[in-house]
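Below is one structure, written out as structure tokens; the observations come after it.
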Amino acid sequence: MLNRILVLFFALIILGQSEEEKMMAIFEKWSPSVVFINTVKLDLDPFEFFFDPQPTQGIGSGFIFDAKRGLILTNSHVIISPDSRIIVTLQGGEKIPASLVGKDEQLDVAVLKLARLPDKELTEVALGTSSSLKVGRKVIAIGNPFGLDWTMTSGIVSAVNRVVRTRNGLVSMIQTDAAINPGSSGGPLFDLTGLVVGINTQILSKTGMFGGISFAVPIDDVKRVVPDLLRFGRVRKPFIGWVLQNTKWGVAVRRVLPGSPADEAGLNPLEQIRRLRDGIEIVLEPEEADYIIEFDGQPVKDAQELSEQIMRADITKPLSFLVRSGLNSYRKRRVFVKAILK
């Protein structure tokens, strides 16, 4: 409650300031919440004659989102492995070991916990919302590029809901032109009210250096997964029990796991199993398969987009799909699927 009051008070202070004054005020207020993260993992090279462990080091940024418990948000890729030694440097130079609470590699988010609280009270950020972001809005990044601690850069939102291919699939991100470089990963992206709207995560560049295009994980997606990371150490995913496939006729239900929510909902897969005398065979029957047209009233473009929409859905309620049965576009029906978390 006190933190909310302080955030509101800060917002009122900067309301009448110039853009330059707002940026200086945001850095002064929130830079103490940003941390410098060092990770070290000892790898044993089996071809080394003396079997000497070789350290693999990484650097990144993070920010405190729960001061009382010493909890930090950063990128999953900043943490080399679950058994990495993690050292967090606070503004002022104090170094404190930290442990990995949980991470989600697909969204590229991780939560760390300080081994102890420092003598000086920690500053925690105020998390905003990313759903209201619009192209052209001014944003500020604070991080540690190339180890240059507590560096601030600024830019604008270049695009929202930009689908970016990562090592773990396609993810919807915020695109900005705020300068991000190695070491900036995991740092906060602020709007001009001082609220965190994203976690800076990667750039698009042919050289590996900043080329005017950077990406941040939307804070709304981060807030959605944090409870699972704190409780389970991972993010539970909605399980429907199907395999989807993009086809020229639309998003087809290619395969259905027997006994799964998709099976119980009566969805017909593209793959049909035929029992023969000497075994079984799998045949494709597009004329009988179900094709997903809409999810929750919104048109479905492809399988990846549908999967992302389901990840953000409230699965405490049955998921609503409009399905075309077979290739005849006139045979449509509404299907309700009760997904489960796994």
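The values are calculated or read from the model by the stated rules, or taken from the named source; none is laboratory data. Keep in mind the model is a prediction, meaning the values are calculated, not measured. As a convention, Cβ positions derive from the backbone with ideal geometry for all residues, glycine included, and neighbour counts pool all protein chains shown.
Residue by residue through the range 102-116, note down the ones that are in a loop (DSSP other than H, G, I, E, B) and surrounded by fewer than 24 Cβ atoms within 10 Å (Cβ to Cβ).
Across the range 102-116, the qualifying residues are E105, Q106, A115, R116.
Quick one: is D221 among the acidic types (D, E), surrounded by 15 or more Cβ atoms within 10 Å (Cβ to Cβ), farther than 22 Å from Q106 by Cα and under 19 Å from the mean Cα position of the chain (by Cα)? The answer is no for D221.
When we screen V135, V139, V157 for residues that are surrounded by fewer than 13 Cβ atoms within 10 Å (Cβ to Cβ) and under 15 Å from L189 (Cα atoms), the only hit is V135. The condition of being outside the structural domain of M173 (by TED's automatic domain parsing) and within 29 Å of L107 (Cα to Cα) holds for only one of G279, G297, G326, that being G297. For the range 42-80, the candidate set comprises residues that are at pLDDT below 85 and either crowded, with 18+ Cβ neighbours inside 10 Å or among the aliphatic types (A, V, I, L, M) (or both); within that set, the residue that is farthest from the chain's Cα centre (by Cα) is L44.
Filtering the range 121-152 to residues that are outside any loop (DSSP other than H, G, I, E, B) and more than 18 Å from T193 (Cβ to Cβ) leaves G143, P145, F146, G147, T151.
Taken as a whole, the range 303-326 holds no residue that is over 30 Å from L112 (Cβ atoms), in contact with a Pro (Cβ under 6 Å, 6 or more places away or on another chain) and either of a type in the set (S, T, N, Q) or touching a residue at least 24 places away in the same chain (Cβ under 8 Å) (or both). Within the set S154, S184, S158, the sole residue that is of a type in the set (S, T, N, Q) and under 17 Å from H77 (Cα atoms) turns out to be S184.
Each row is one residue, and each column tells you yes or no for (1) under 30 Å from L100 (Cβ atoms); (2) in contact with a Leu (Cβ under 8 Å, 6 or more places away or on another chain).
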site: W242; (1), (2): no, yes
site: G250; (1), (2): no, no
site: P261; (1), (2): no, no
site: E264; (1), (2): no, no
site: A289; (1), (2): no, yes
site: D302; (1), (2): no, no
site: Q309; (1), (2): yes, no
site: L319; (1), (2): no, no
site: G326; (1), (2): no, no
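Of the residues screened, L189 is not one that is under 15 Å from the mean Cα position of the chain (by Cα), of a type in the set (A, V, I, L, M, F, W, C) and modelled with pLDDT under 90. Restricting the range 328-342 to residues that are in a loop (DSSP other than H, G, I, E, B) and surrounded by fewer than 14 Cβ atoms within 10 Å (Cβ to Cβ) leaves a set whose member that is modelled with the lowest pLDDT is S329.
Considering only the range 81-90, how many residues are in a loop (DSSP other than H, G, I, E, B) and within 25 Å of V196 (Cα to Cα)? Here the count works out to 1.
Taken as a whole, the condition of being at positive phi and in contact (Cβ under 8 Å) with a residue 24 or more places away in the chain does not apply to G128. Counted as qualifying within the range 180-275 are the strands (runs of 3 or more DSSP E) with 1 or more residues that are acidic (D, E), namely 188-191. Name the residues in the range 293-325 that are out of contact with any strand residue (DSSP E or B) (no Cβ under 8 Å at 6 or more places or on another chain), assigned to a loop (DSSP other than H, G, I, E, B) and of a type outside the set (K, R), would you? Matches in the range 293-325: D314, T316. Candidates E287, E281: the one that is of a type in the set (D, E), assigned to a loop (DSSP other than H, G, I, E, B) and exposed (fewer than 15 other Cβ atoms within 10 Å of the Cβ) is E287. Within the range 195-251, the set of residues being of a type in the set (G, A, S), modelled with pLDDT of 95 or more and more than 15 Å from Q175 (Cβ to Cβ) comprises G233, G241.
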